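Engineer: Before we start, here is the structure in question, set down as structure tokens.
The values are calculated or read from the model by the stated rules, or taken from the named source; none is laboratory data. A quick note: this is a predicted structure, and the numbers were derived from the prediction, not measured. Virtual Cβ from ideal backbone geometry, glycine too; neighbours counted across all protein chains shown. Only protein heavy atoms, including side chains, enter the accessible area calculation; ligands, DNA and RNA are left aside. Shrake-Rupley method; radii C 1.70, N 1.55, O 1.52, S 1.80 Å.
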Amino acid sequence: MKAGKLSGELLERMVLSTIQFHRDDVLVHAGLGEDCAVIDFGEEVCLITSDPITGAVEGIGELAVHVACNDLAANGGTPVGVQVVLLVPEGTNEGFIHQVMEDIQRTAAALQVEVMGGHTEVTSRVRDCVVSVTAVGRAPKERYVTSGGAKPGDDILITKGVGIEATAILARDFSHLLPFVISEEQIGDFTKRLSVVPEGLLAAEFGVHAMHDVTEGGLLGAAREVCAAAGVGAEIWEKDVFVPSLTAQICDCLKLDPLALLSSGSMLIVSPQGAELQDKLEQAGIPAFVVGRITEGDHPVLIRNSGEHVHITAHVEDELWRFFARAEEGN
């Protein structure tokens, strides 16, 4: 099997099909495209999600906290705490572990999130550091959001643009492959955009039909998962997708498609009032772009700048994983 997130087809066949028992107080169960489990706690719900970071070297602790808390935000939840599993290979020095934990603590504190515990282990079973974070959050029972609520006619928005997380990773870890210099200030500008907690909470309060943070598979992968969760189709308009200039430069150089590139830091939001929500987000200092609409059907269709219609019917392999595979082969 290839490295990367399991395709929806494999996930359904190998993982989700094995889950048979469902409790009545679990309101959102394990399912394709859903970011969190949602548990009935009376007037509020508890949201729980887990995510690993395996594709980064520098800044892995910061990324791990943001990616997990972003899942909570995609369900309209306020993050409360994280538990951290840190696996490092034999020979790792103490300073590295301490730095990762300092990054985790700093990032969590900035989000007003507590590091509640976890597990740390040196093991011969991993070649590089793996950080997995379980995040816990809360939301009013009447206001949580899922990926499966999209309806035909809804607008599709994204915040900030595509490729944010991948740009930070490539700029930090692979700058030696690029024919131009990237400053620490530029990298910092991207890492500052990694949280989607502010837009998630604002959109949930505004009232939206669905949200999904844009992670592996990029915008196209996120759109496909929303379509699968809701049983709908979608149109994505390439001309309206904002690609940051540094992201575009890196993608041109490394021959990557920014629309299928790891994009933590961007939230996909589905709303019947796209223009009004866009105004609300921008008033809060969060750039937002209407990039498509929900349609009848069962999969997204990308409308390229050329007018070509690309039907996204299969799992979207993330461009970052394709790049890693090429780099390992020396191509």
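Engineer: When segment 99-131 is examined, which residues are found to be surrounded by fewer than 16 Cβ atoms within 10 Å (Cβ to Cβ), part of a loop (DSSP other than H, G, I, E, B) and among the hydrophobic types (A, V, I, L, M, F, W, C)?
Structural biologist: Of everything in segment 99-131, just one residue is surrounded by fewer than 16 Cβ atoms within 10 Å (Cβ to Cβ), part of a loop (DSSP other than H, G, I, E, B) and among the hydrophobic types (A, V, I, L, M, F, W, C), namely 126.
Engineer: Can you list the strands (runs of 3 or more DSSP E) lying wholly within segment 280-331 that have 3 or more residues being over 21 Å from the mean Cα position of the chain (by Cα) and surrounded by fewer than 19 Cβ atoms within 10 Å (Cβ to Cβ)?
Structural biologist: In segment 280-331, 309-311 are the strands (runs of 3 or more DSSP E) which contain 3 or more residues that are over 21 Å from the mean Cα position of the chain (by Cα) and surrounded by fewer than 19 Cβ atoms within 10 Å (Cβ to Cβ).
Engineer: Tell me, which helices (runs of 4 or more DSSP H) lie completely within segment 152-248 with 2 or more residues that are under 23 Å from residue 318 (Cα atoms) and of a type outside the set (Ser, Thr, Tyr)? Don't jump to the end; show me each part of the working.
Structural biologist: Values: elements: 164-173, 184-191, 197-206, 218-230.
Filter on segment 152-248 gives 164-173, 184-191, 218-230.
Engineer: Take the residues in segment 201-219 that are open to solvent by 10 Å² or more (accessible area, probe 1.4 Å) and of a type in the set (A, V, I, L, M), then tell me which one is nearest to the chain's Cα centre (by Cα).
Structural biologist: Here the answer is 201.
Engineer: Please find, within segment 247-270, the residue that is modelled with the lowest pLDDT out of those that are touching a Ser or Thr at 6+ places or on another chain (Cβ under 8 Å) and open to solvent by 10 Å² or more (accessible area, probe 1.4 Å).
Structural biologist: Our first condition is that a residue be touching a Ser or Thr at 6+ places or on another chain (Cβ under 8 Å); within segment 247-270, this holds for 247, 250, 258, 261-267, 269.
Subset that is open to solvent by 10 Å² or more (accessible area, probe 1.4 Å): 258, 262.
Details: 258: 97, 262: 94.
Here the residue is 262.
Engineer: Go through segment 14-59 and count every residue that is in a loop (DSSP other than H, G, I, E, B), among the acidic types (Asp, Glu) and over 15 Å from the mean Cα position of the chain (by Cα). Full working, then the answer.
Structural biologist: Going residue by residue through segment 14-59, those that are in a loop (DSSP other than H, G, I, E, B) are 19-25, 29-36, 42-43, 54-59.
If we keep only those that are among the acidic types (Asp, Glu) too, we end up with 24-25, 34-35, 43, 58.
Next, from what is left, pick out any that are over 15 Å from the mean Cα position of the chain (by Cα): 24-25, 43, 58.
Looking only at that region, the number is 4.
Engineer: Anything in segment 67-98 that is open to solvent by 20 Å² or more (accessible area, probe 1.4 Å), within 25 Å of the chain's Cα centre (by Cα) and under 23 Å from residue 121 (Cα atoms)? List them, or say none. Walk me through how you get there before you give the answer.
Structural biologist: Taking segment 67-98 and keeping what is open to solvent by 20 Å² or more (accessible area, probe 1.4 Å), we get 78, 80, 83, 85, 87, 89-98.
Restricting the remaining residues to those that are within 25 Å of the chain's Cα centre (by Cα) gives 78, 80, 83, 85, 87, 97.
The answer is 83, 85, 87, 97.
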